[in-house]
1. Test Ala83 against the criterion of being farther than 28 Å from Met24 by Cβ and under 28 Å from the mean Cα position of the chain (by Cα), and give yes or no.
2. Considering only residues of region 91-121 that are more than 16 Å from the chain's Cα centre (by Cα) and touching a residue at least 40 places away in the same chain (Cβ under 8 Å), which is farthest from Gln38 (Cα to Cα)?
3. Looking at Asp32, Asp110, Asp94, Asp104, can you tell me which residue is within 30 Å of Glu6 (Cβ to Cβ) and at pLDDT 85 or above?
4. Has region 57-76 got at least one residue that is modelled with pLDDT of 85 or more, among the β-branched types (Val, Ile, Thr) and either out of contact with any Phe, Trp or Tyr (no Cβ under 7 Å at 6 or more places or on another chain) or more than 30 Å from Lys115 (Cβ to Cβ) (or both)?
5. Could you check how many residues of region 23-44 are closer than 17 Å to Thr84 by Cα and surrounded by fewer than 16 Cβ atoms within 10 Å (Cβ to Cβ)?
6. Pairs under 8 Å by beta carbon, first residue more than 14 Å from Gln121 (Cβ to Cβ) in region 9-31, partner of a type in the set (Val, Ile, Thr), six or more apart or different chains?
7. Can you tell me which of (1) modelled with pLDDT under 90; (2) within 30 Å of Leu111 (Cβ to Cβ) is the one Arg37 doesn't meet?
Amino acid sequence: LDRDHEDALQRQKDAITKTLNNEMFRVLKAKDAEVRRQLAKAREREELLKLQLRESACAGRDGAGSQQSGANSGVIQKLQQEATALRLQNKQLDERLRMVMQADRKKVCDLRSQKEEHEMQLAQLRKTWQQEINKL
């Protein structure tokens with residue numbers, strides 16, 4: 001009876017650990033995919049803005065007249081502001097990714113400590129049961 005109880009506890013512990021690990025992995029994978037998607041989108045927009053900035057600069061050199069130059073400088077300034085905003089967004093996304101990864105590492109560490117604690121409790125139960133069996 002004690003052995004059956006011990007085996008049942010072990011199976012239950014293993015099932016809970018497996019479920020928790022699977023869920024944590026699924027959530028981590030989803031968060032990672034979302035952050036990577038946002039980073040890729042931001043980099044794409046940044047590259048597009050850099051290209052537009054280069055094209056505007058080339059057109060500004062080729063074009064003559066103060067009106068065209070004034071219009072180009074406005075476009076260039078706008079593109080530079082957008083590029084700066086995208087760089088800031090990239091930094092924020094990188095920071096979010098770092099924070100998520102750090103939180104996930106902490107969760108893994110907590111899970112390990114819980115597992116060790118459960119194993120110690122199980123060992124203590126086994127020891128207690130063995131002592132009781134020997135007394136009987």
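1. Yes.
2. Per the criteria, the residue is His118.
3. So the residue among Asp32, Asp110, Asp94, Asp104 that is within 30 Å of Glu6 (Cβ to Cβ) and at pLDDT 85 or above is Asp110.
4. no
5. Within region 23-44, residues that are closer than 17 Å to Thr84 by Cα and surrounded by fewer than 16 Cβ atoms within 10 Å (Cβ to Cβ) number 4.
6. Between residues of region 9-31 that are more than 14 Å from Gln121 (Cβ to Cβ) and residues that are of a type in the set (Val, Ile, Thr), the close pairs are Met24/Val108; Leu28/Val100; Lys31/Val100.
7. With respect to (1) modelled with pLDDT under 90; (2) within 30 Å of Leu111 (Cβ to Cβ), Arg37 is out only on (1).
The values are calculated or read from the model by the stated rules, or taken from the named source; none is laboratory data. Note that this is a predicted model, so its numbers are computed, not measured. Neighbour counts are summed over all protein chains in view; Cβ atoms, including those assigned to glycine, are modelled from backbone coordinates with ideal geometry.
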